[in-house]
Every structure is written in structure tokens, then in C-alpha cells.
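A.B. asks: After the C-alpha cells below, expect a handful of questions from me.
The values are calculated or read from the model by the stated rules, or taken from the named source; none is laboratory data. Just so we're clear, the structure is a prediction, and the values are computed from it rather than from any experiment. Don't worry about glycine lacking a Cβ; one is built from the backbone with ideal geometry, like all the others, and counts go over all protein chains shown. Ligands, DNA and RNA are stripped out before the accessible areas are found, and what is left, the full protein with its side chains, is counted by its heavy atoms. Shrake-Rupley method; radii C 1.70, N 1.55, O 1.52, S 1.80 Å.
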Amino acid sequence: MTTKADVYAFGVVLMQLITGRKAVDDTLPNENPHLVTWFCKILNKKERIPMAIDQTINPDEETMESIYRVTELAGHCTTHQPYQRPNMGHVVNILSPLVEKWKPTCHKLEHKFPTFHGVEDIYGFDQDMSLPLQRWQTM
């Protein structure tokens with residue numbers, strides 16, 4: 001629809017990554033089933049953020065600082081008024097410095113698939129090939 005709707009959706013994805021929750025979860029009887037509404041209440045009190053983080057993350061202090069930045073960004077991306085949301089260029093500028101901190105490590109012996117920059121390529125694409133050529137090879 002609009003780029004601001006895309007920014008909102010990306011903010012929801014960030015919230016899902018941080019919390020491990022679905023965007024809408026009707027199985028939560030006493031809580032608000034809408035992630036954005038629930039998450040924004042959490043953002044109002046910074047000391048509550050650690051309790052909202054997906055337990056599988058188990059962040060150290062440095063990672064926690066990155067999570068605070070991402071939670072703040074997610075909140076800005078999902079503001080009610082579209083004109084108050086950042087553009088994706090701003091989002092990239094905020095997230096880019098965090099990429100190296102969150103980059104997964106690669107253990108070659110554990111891989112079952114070819115890798116590209118430490119990430120498993122489960123689809124078997126040749127990352128050096130142009131996209132149009134890959135499309136024809138997979139058909």
C-alpha cells in the first residue's frame with residue numbers, strides 16, 4: 001500500500017524477533033492479543049523490556065544495549081500516525097551498526113548445506129551467480 005505501511009510491518013517483525021510472540025495471539029486470555037499494543041505498553045517503562053524478551057535470547061549486557069535500540073526503533077516504526085514513522089533509510093542507519101554485533105558464527109563441521117558468509121544456503125543457490133541466471137537454473 002504505502003512505504004509507511006511497510007515500515008509499520010517491519011516494526012512488527014522486529015517486535016516478533018525480540019519477544020518471540022506472534023503479531024496476534026488469541027491464545028493469550030488475560031493479555032492483549034495484539035503484539036503492538038502490548039509491546040508499546042512495555043516500552044513506556046524501560047525496566048520492563050528485559051521481561052518481554054524471548055527467553056531463548058539470553059542476552060549479555062552488550063546485546064541488551066542493542067536490544068534497547070531495536071525496541072525503540074520498533075516502537076517508532078509502529079506509531080499510530082504514518083507521518084511519524086521513520087523511512088526505511090533511517091531504519092537501515094539504526095540497524096547497520098548492530099549487524100556486526102549480531103552476526104552469527106559459523107562452524108563448518110555442523111553445516112549440511114553450502115554456506116554464504118556464514119549463513120546456510122538451504123536452497124542450494126550459487127551466491128555468485130546473477131539472479132536471472134539462478135531463476136532459470138532452478139526451473
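A.B. asks: Confirm whether residue 68 is in contact (Cβ under 8 Å) with a residue 60 or more places away in the chain and among the hydroxyl-bearing types (Ser, Thr, Tyr).
C.D. replies: No, not satisfied.
A.B. asks: Pairs only if they're at least six apart or on different chains, beta carbon under 8 angstrom, first in the stretch 79-96 and in contact (Cβ under 8 Å) with a residue 60 or more places away in the chain and open to solvent by 80 Å² or more (accessible area, probe 1.4 Å), second of a type in the set (Val, Ile, Thr) and assigned to a helix (DSSP H, G or I); list them, first residue then second.
C.D. replies: Correct list of pairs: 87/3; 87/7.
A.B. asks: Would you mind stating whether residue 49 is touching a Pro at 6+ places or on another chain (Cβ under 8 Å), β-branched (Val, Ile, Thr) and either in a helix (DSSP H, G or I) or closer than 21 Å to residue 3 by Cβ (or both)?
C.D. replies: Here the answer is no, as residue 49 does not meet what is asked.
A.B. asks: What is the number of the single condition among (1) surrounded by 15 or more Cβ atoms within 10 Å (Cβ to Cβ); (2) more than 17 Å from the chain's Cα centre (by Cα) that residue 53 does not meet?
C.D. replies: Tallying (1) surrounded by 15 or more Cβ atoms within 10 Å (Cβ to Cβ); (2) more than 17 Å from the chain's Cα centre (by Cα), residue 53 fails exactly one: (2).
A.B. asks: Which count do you get for residues in the stretch 1-36 that are open to solvent by 60 Å² or more (accessible area, probe 1.4 Å), more than 23 Å from residue 89 (Cβ to Cβ) and either among the polar types (S, T, N, Q) or outside any loop (DSSP other than H, G, I, E, B) (or both)?
C.D. replies: The number of residues fulfilling the criteria is 4.
A.B. asks: Looking only at the stretch 75-89, how many residues end up being assigned to a helix (DSSP H, G or I) and either modelled with pLDDT under 90 or under 23 Å from residue 35 (Cα atoms) (or both)?
C.D. replies: Selection size over the stretch 75-89: 7.
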